[in-house]
Amino acid sequence: MKKLSAFILFSFLWVGFAHAQKLKIHIPLSPAGSFDAEGKIVNGYVKKKGSSYVASKMSVVAKELKTGIDLRDEHLHDRLKAKKFPKIEILKASGKGGKGKAEVKIRGVKKSVAFTYKVKGKTVEFKMPIVLKQFKFDHDKDSLSYMGVGVSDKVEVTGTLKVK
């Protein structure tokens, strides 16, 4: 019931490496517990260029991120400011040798985010840790907590994407 929005936004950005691919955002809570938010990337692509992988123009519709609990979904969408910023975007990303950088845009804030990946056949599995403060989630009053339960500042976005 925390501002899971930030975690989900970063997850969408990382998942942006694929077209209509699924992603998962793991959101740890404090003092205890955690939950996952899931969504799909609705556009964009991942392409192999030599020994590198590149992607651009990927996005996730913020209001389509789901946690399995309607009230938590509402809180997440509110924290992501989904009405004002309907998409979480990966503007561009590139990687080589299992490591990469992506330019992610969440709630109108663009940041460079590091990630790791593994190639498995014609897919890429990735992990992208997102630090919520970088996307100004700490600027909102009570932005990362709900009824005394807070979201950790770091969430992890994972997903599997098809390579074009």
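Observations on the structure shown:
- Among Leu132, Leu91, sorting on how many other beta-carbon atoms sit within 10 Å of each Cβ, with the fewest leading, yields Leu91, Leu132.
- Net charge in the neighbourhood of Lys118 (other residues with Cβ under 12 Å of its Cβ; Lys, Arg +1, Asp, Glu -1) is +2.
- Projected-area average for segment 18-68 over all orientations - Cα convex hull basis, square nanometres: 4.8 nm²
- For the pair Lys99 and Lys84 in one chain, pulling the backbone fully straight at 0.36 nm per residue adds 2.2 nm over the alpha carbon distance.
- Reference-scaled alpha-carbon Rg (2.2 N^0.38 Å with N residues) for segment 32-164: 1.09
- Stretched out straight at 0.36 nm per residue, the stretch from Val42 to Val119 would grow longer than its current Cα-Cα span by 25.6 nm.
- Residues Glu89, Glu74 in ascending order of nearby Cβ atoms (within 10 Å, fewest first): Glu74, Glu89.
- Couplings for segment 120-125, taken from phi via the Karplus curve 6.51 cos²θ - 1.76 cosθ + 1.60 with θ = phi - 60°, read 10, x, 9, 10, 10, 9 Hz in order; Gly and Pro are left as x.
Each value in this text was obtained by applying a stated rule to the coordinates, not by laboratory testing. What you see is a predicted model; the values in this text were computed from it and never measured. Don't worry about glycine lacking a Cβ; one is built from the backbone with ideal geometry, like all the others, and counts go over all protein chains shown.
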